[in-house]
Amino acid sequence: MLLFEAEVPGDALGPVLAALGGLGAAAVEPAPGPGGWTIKGEIPAGRAREAEAALPALARGEGTWWSEPSGERRVTAPSRPRTGADPLDRAAYLRHLNR
């Protein structure tokens, strides 16, 4: 996970929040800033580059992006279905070997 902070012009707030939400970002309440709006939140590290690349088009080149690592989240790997007998079930496993 990465902490991010983005500054965008006022009229770009809606499209930027929609894009960040689509990338899995958890944004806190946007706050008015000196040149528009400041958005702070967390985004998955694998999706941060996409957000950073989309920001110039969404903010017409007037947005800024800053991010830093904020910690880790457990990721569950996909599990593959067993193709044979379970070796932990000894009786079933031995029956399977005798086939």
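The values are calculated or read from the model by the stated rules, or taken from the named source; none is laboratory data. Every value quoted in this text rests on a predicted model; they were computed, and no experiment measured them. Note that each Cβ is placed from the backbone with ideal geometry, even for glycine, and that neighbours are counted across all protein chains shown.
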- [ ] Would you tally the residues in segment 71-96 being at pLDDT 85 or above, exposed (fewer than 10 other Cβ atoms within 10 Å of the Cβ) and farther than 30 Å from Ile43 by Cα?
- [x] 3
Open item on the list: For the condition touching a Lys or Arg at 6+ places or on another chain (Cβ under 9 Å), aliphatic (A, V, I, L, M), more than 19 Å from Glu72 (Cα to Cα) and in contact (Cβ under 8 Å) with a residue 40 or more places away in the chain, what is the one hit in Ala31, Ala6?
Closed with: Ala6
- [ ] Would you list the strands (runs of 3 or more DSSP E) that sit entirely within segment 1-60 and hold 1 or more residues that are in contact with an Asp or Glu (Cβ under 8 Å, 6 or more places away or on another chain) and buried (at least 17 other Cβ atoms within 10 Å of the Cβ)?
- [x] 2-8, 36-43
Open item on the list: Filter segment 28-77 down to the residues that are within 18 Å of Met1 (Cβ to Cβ) and of a type in the set (S, T, N, Q) and list them by number.
Closed with: Ser67, Ser70, Thr76
Open item on the list: Suppose we filter segment 9-28 for residues that are farther than 14 Å from Ala54 by Cα and either in contact (Cβ under 8 Å) with a residue 24 or more places away in the chain or more than 18 Å from the chain's Cα centre (by Cα) (or both); how many remain?
Closed with: 3
